[in-house]
Amino acid sequence: MTRIDATRIPAATLASTQILFVAKNALWQGGLHPEDGNHAVYHREMREILTEIGCALSVAECYEALFEHPEADFVFPLLNRGGFFNSEMLLPLLCNRLDLPYLGASPILRGLSDDKHLTKLEARGRTVPTAPWRVFRKGAFVDVTKCPPASRWVIKPTTPRPRVRDAGDLEGVAVAVRAIHDEGHDAIVEPFLNGSDVEVPVITKDGGPLIMPMMLFQQADPTHLRTHEEKRG
């Protein structure tokens, strides 16, 4: 495994740089949130860590904090899943408009990663293995016979939304696609793959990508459809 040495922020930089931390639960003080689960804990822990390492920190929980130029030199944006299309792009766009440096990818990359269909196109174009799929845009004709062959399918919005469905026949697929369209989203259909979730974090270090250790969520039943509520813990 590649050795990862921590990068230290100089004390002078910590003292002179005002950081704005923006997250839905940035001010959360407790444990699991009744709606957002462990995401609230994650946001609380990030705030506490930034404070503990000596950052001059201000905190906000809404996009409006960047409608005007804040009293900040750098933005740490974690306000994702805003409940509207391409919400992942808004904070980086607001930072760019104000010429404020921020942590994370550019708006166009955030928008790309916010659409499962576009992300899978990028993966396939770079020969990264990805399950076959079919996308059904809201308002377009739906022909589920074009779905990749499978004995079971998973149907979900193309953008990161909580509701994920599965079906064992094409009639069930069509019902699920219509339900997602009725909720205002595009739908993507893939064969259901038995197994457990594996996440591979990647950060930028010294100007290049650094692949972090993989994280595995080991499921007792690899055929179980993991829900949004389960992911939130």
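The values are calculated or read from the model by the stated rules, or taken from the named source; none is laboratory data. None of the values given here were measured: they were computed from a predicted structure. Methodologically, a virtual Cβ is constructed for each residue, glycine included, from the backbone with ideal geometry; neighbour enumeration extends over all protein chains shown.
Observations on the structure shown:
- The residue pairs whose first member lies in region 24-37 and is assigned by TED's automatic domain parsing to the domain that holds Leu91, whose second member is at pLDDT 90 or above and among the polar types (S, T, N, Q), and whose beta carbons are closer than 8 Å, counting only pairs six or more residues apart or on different chains, are His33/Asn25; Asp36/Asn25.
- Highlighted here are the helices (runs of 4 or more DSSP H) found entirely within region 78-176 that include at least 3 residues which are farther than 30 Å from Ile19 by Cβ: 116-125.
- Where a residue in region 120-135 is loosely packed, with under 13 Cβ neighbours inside 10 Å and its partner, wherever it lies, is of a type in the set (Gly, Ala, Ser), with Cβ under 8 Å and at least six apart: Pro129/Ala123
- Failed condition for Phe76, given (1) surrounded by fewer than 16 Cβ atoms within 10 Å (Cβ to Cβ); (2) under 18 Å from the mean Cα position of the chain (by Cα): (1)
Each row is one residue, and each column tells you yes or no for (1) in the same structural domain as Arg110 (by TED's automatic domain parsing); (2) surrounded by 16 or more Cβ atoms within 10 Å (Cβ to Cβ); (3) over 19 Å from the mean Cα position of the chain (by Cα); (4) of a type outside the set (Ser, Thr, Tyr).
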{"residue": "Thr145", "(1), (2), (3), (4)": "no, no, yes, no"}
{"residue": "Ser151", "(1), (2), (3), (4)": "no, no, yes, no"}
{"residue": "Val154", "(1), (2), (3), (4)": "no, yes, no, yes"}
{"residue": "Gly168", "(1), (2), (3), (4)": "no, no, yes, yes"}
{"residue": "Val175", "(1), (2), (3), (4)": "no, no, yes, yes"}
{"residue": "Ala187", "(1), (2), (3), (4)": "no, yes, no, yes"}
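- Single residue of region 1-49 satisfying the filter (under 15 Å from Leu79 (Cβ atoms) and of a type in the set (A, V, I, L, M)) that is surrounded by the most Cβ atoms within 10 Å (Cβ to Cβ): Val22
- Test result for Asn86, touching an Asp or Glu at 6+ places or on another chain (Cβ under 9 Å) and under 21 Å from Leu57 (Cα atoms): no
- Ala179 of a type in the set (A, V, I, L, M, F, W, C) and part of a loop (DSSP other than H, G, I, E, B): no
- Pairs with Cβ under 7 Å, 6+ apart, first in region 83-107 and assigned by TED's automatic domain parsing to the domain that holds Pro70 and under 19 Å from Lys24 (Cα atoms), second basic (Lys, Arg) and in a loop (DSSP other than H, G, I, E, B): Ser87/Arg81
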